Structures are given as structure tokens and as C-alpha cells.
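**Q** Got a structure here, written out as C-alpha cells. Questions coming.
The values are calculated or read from the model by the stated rules, or taken from the named source; none is laboratory data. If you're wondering where the values come from, they're calculated on a predicted model, not measured in any experiment. Glycine gets a Cβ as well: all are built from the backbone with ideal geometry, and neighbour counts include every protein chain shown. These area figures cover heavy atoms from the full protein model, side chains too; ligands, DNA and RNA do not enter into them. Shrake-Rupley method; radii C 1.70, N 1.55, O 1.52, S 1.80 Å.
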Amino acid sequence: MKTTIDFPDEILHRAKILAAQRKITLKELVISGLVHTLDSPPICEDTRRRERAARLVAALGKGRNTDSIGLLNRDELHDRQQLF
């Protein structure tokens with residue numbers, strides 16, 4: 001079935017580059033992404049935030065500083081989320 005989707009220019013540009021790197025068509029890339037999303041179990045937002053925080057703490061723990069950073073508040077985690 002054919003359909004039309006308007007993508008933001010930046011997203012479409014990145015998708016075309018990724019498709020070319022994988023040597024697949026843009027259509028195959030979009031279908032692959034949709035299948036992955038549809039087959040993945042839904043994750044609630046709280047679970048997603050906890051997983052992101054756990055990855056952040058694990059990544060920070062791999063640094064050279066061995067002192068514990070302690071618990072981070074919501075704003076501190078949000079400021080650091082760009083690392084991932």
C-alpha cells in the first residue's frame with residue numbers, strides 16, 4: 001500500500017545517509033524501523049527514565065574519578081542525558 005509521509009528535512013537526510021551506509025533502500029530502513037517498534041513491548045516512561053539513569057551512572061562509573069557522585073536529582077540527570 002502506498003502512503004505519503006512528511007519527514008523533517010534533517011531526519012530524512014540522516015535516514016538517507018544511514019540507508020546508504022547499510023546498502024539498503026530508504027523504504028527498507030523505514031519498514032525495518034516500524035517492524036522493530038511494533039514488535040517491541042511497550043515501556044512506560046518511568047521505566048525508560050530509570051534505564052537511562054542507570055546507563056548514565058554506569059558510564060560515569062567507568063571514568064577516572066573513583067569518587068561516588070551520589071544520587072542525582074531530576075535536573076542533573078536531564079542535563080547529562082545528552083551524553084547518551
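**Q** Carbon and sulfur: what percent of the chain's accessible surface (1.4 Å probe)?
**A** That share works out to 55 percent.
**Q** If one takes the longest principal axis of the Cα atoms in the chain, at what angle in degrees, from 0 to 90 and to the nearest 10, does the Cα axis of helix 45-61 lie?
**A** Approximately 60 degrees, to the nearest ten.
**Q** Same structure again: Taking +1 at the Cβ of each Lys and Arg and -1 at the Cβ of each Asp and Glu, which of LEU29, THR47, LEU18 sits farthest along the dipole of the range 7-55 towards its positive end, judged by Cα position relative to the Cα centre?
**A** The residue sitting farthest along the positive end of the dipole is LEU18.
**Q** Hey, another quick one. Could you report the range 1-68's accessible area per residue, 1.4 Å probe, as an integer in Å²?
**A** 95
**Q** So, in nm, how far is label ARG14 from label ARG50 when the simple model puts each one 7 Å beyond its Cα toward the Cβ?
**A** It is 2.8 nm.
**Q** Could I ask something else about it? Longest segment of the chain with no trypsin sites (Lys or Arg not before Pro) in a DSSP loop having at most 15 other Cβ atoms within 10 Å? Provide the component values of the computation, followed by the final result.
**A** Values: sites that count: LYS2, LYS23, LYS62, ARG64.
For trypsin sites (Lys or Arg not before Pro) (loop position, at most 15 other Cβ atoms within 10 Å), the longest site-free span of the chain is 24-61.
**Q** Here's another thing I want to ask about it. What 222 nm value per residue comes from the helices of the chain, counting each DSSP H run with n ≥ 4 as -39,500 (n - 2.57) and dividing by all residues, nearest 500 deg cm²/dmol? Before the final figure, lay out the partial values.
**A** On the way: 4 runs with 52 residues, N = 84.
The helix-only estimate for the chain comes to -19500 deg cm²/dmol at 222 nm.
**Q** Also: Using only the alpha-carbon atoms, how far is helix 9-22 inclined from the longest principal axis of the chain? Give it as 0 to 90 degrees, nearest 10.
**A** Approximately 80 degrees, to the nearest ten.
**Q** How much of the pair distance distribution for the chain lies past 19 Å, counting alpha-carbon pairs only, in percent? Working shown, then result.
**A** Working: 2106 of 3486 pairs.
Here the long-distance tail beyond 19 Å is 60 percent of all Cα pairs in the chain.
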